[in-house]
Amino acid sequence: MSETRDWFARHGGEIVEWRRDIHAHPELAFQERRTAGFVAERLRTWGLEVHEGIAETGVIGVLRGAEGTQAPAIGLRADMDALPIEEATEIAYRSKHSGVMHACGHDGHTALLLGAARRIVDLTRTRGPFPGDIVFIFQPAEENEGGGRRMVEQGLFDRFPVRQVFALHNMPDLEIGRFITRAGAMLAGFDTFDVRVEAEGGHAAFPAVGGDAVVAAAALVMGFQTIVPRQTPASAAALLAVTMIAGGSAHNVLPDVVTLGGSLRWFERPVIEEIRCRMQAHCRGVETAYGVKVILDYQERYPALVNDVASTDLAARAARRAVGEDRVATDIAPIMGSEDFAFMLERTPGAYLGFGNGPGTGGCLLHNPRYDFNDAALETGVAFWTALVETFFEDMQTA
């Protein structure tokens, strides 16, 4: 850690500038063209092999290992996209794009992986190349749009095969210098649904004529809320949330259409399949009971994120090497948030970790219009990525 600290004392200011520049120019899913260009330009400057346009705006930087080596490669991934939120901070580098901001810290993830690439290149110039390749993955569209899935489908690991792949996410309200992870399921699967309730509509004075889409929709909301606590085993961790409902335009008119939607979180595939069946049954029941038509559009989004046991052990050892033995927790409870890094872990063994971002400028809520990544966490991230690469290749040589 002391070597990284000395290196960061010389180069940390530049990494902070990168982070703030990316924060000021946020881009939504699959629109990260400026960010991708920013990343690619720097990777080329340091001599990495650069590949652009994977999943539209994804960037891959490859630092080749010793010439002719057949040693396994390691993959390091950062996400680049922002969110459709109007920034409410007063910081000097606040978003220049109305209605778009980095409210999840992906600006920090991108900057610290760039910093790690620079740090690792500098190491190879003094120590010589690592035995195998290091693949730096800058992914678009993590927020809702499944850029990780798109990268895998477009041959990410066929073109750039790696033995293991890893990702980090900042954790607000976790002390800077701390890491958390767990073997097995760490983050929940994520699905969404939309429901359209159709009736004839008509005068509010005559609700018996033509059905009442509002009451039917209300019955669906209440019915859906009973599925997890009353129709799913208590031992099965899952959530079903109705987050949207819309319909009607006048006090004395029964609308002909009411829509609602929401999301589900889950860890076990049989559990979510049973919940989906229960939702369909509730829809059929409401159709019969209220004389309306109910159309359920169910979308499978992200699978549960499952960390490989051996990869989790490797990542934890690297984190301890970077920040100390007592600052790494490997026994955390599963988290109901979701991540499309899960698609990469379905294809290749690896692990996902959270790292402390402190209280942050915007408090402890991600996706908050006042959220800002804490620049003090950048050094910790660079130290971890560096220690991970060193530990990975040391393990390969002693296996």
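Nothing in this text is a laboratory measurement; each read-out follows from the coordinates by a stated rule. What you see is a predicted model, and the numbers here were worked out from it, not measured in a lab. Please note: Cβ atoms are built from the backbone with ideal geometry, for glycine as well, and neighbour counts cover all protein chains shown.
A simple rule links phi to the HN-Hα coupling: the Karplus curve 6.51 cos²θ - 1.76 cosθ + 1.60 with θ = phi - 60°, which for the range 133-141 gives 7, 10, 10, 8, 10, 9, 9, x, 6 Hz, with x for Gly and Pro.
Residue-normalised convex hull volume from the C-alpha trace of the range 1-103: 141 Å³ per residue. Of the three principal axes defined by the Cα atoms of the range 189-302, the extents in descending order read 47, 23, 17 Å. Backbone geometry of the range 105-114 corresponds, through the Karplus equation with coefficients 6.51, -1.76 and 1.60 at θ = phi - 60°, to 3J(HN,Hα) couplings of x, 5, 4, x, 4, 5, 5, 6, 6, 4 Hz, x marking Gly and Pro.
For the range 375-399 versus the range 329-351, the spacing of their alpha-carbon centroids is 19 Å. Helix 378-398 and the longest principal axis of the C-alpha atoms of the chain enclose an angle of approximately 70°.
For the chain, a Kirkwood radius taken over Cα pairs fed into Stokes-Einstein (20 °C, viscosity 1.002 mPa s) yields D = 94 µm²/s.
Note on the range 252-345: Cα convex hull, mean projected area over all directions, 10.0 nm².
If the label point is 7 Å along Cα→Cβ of GLU273, which residues in the range 325-345 have backbone nitrogen under 20 Å from it? Within reach of a label on GLU273: 343.
In the range 67-218, what is the volume of the convex hull around the alpha carbon atoms, normalised per residue and reported in Å³?
Values: hull volume 36.5 nm³, N = 152.
Dividing the Cα hull volume of the range 67-218 by its residue count gives 240 Å³.
Helix content alone sets the calculated 222 nm mean residue ellipticity of the chain: runs of n ≥ 4 DSSP H residues at -39500 (n - 2.57) each, divided across all residues, give -12500 deg cm²/dmol.
Any chance you could give the angle, 0 to 90 degrees and rounded to 10, that helix 33-45 forms with the longest Cα principal axis of the chain? Helix 33-45 and the main axis of the chain meet at about 10 degrees.
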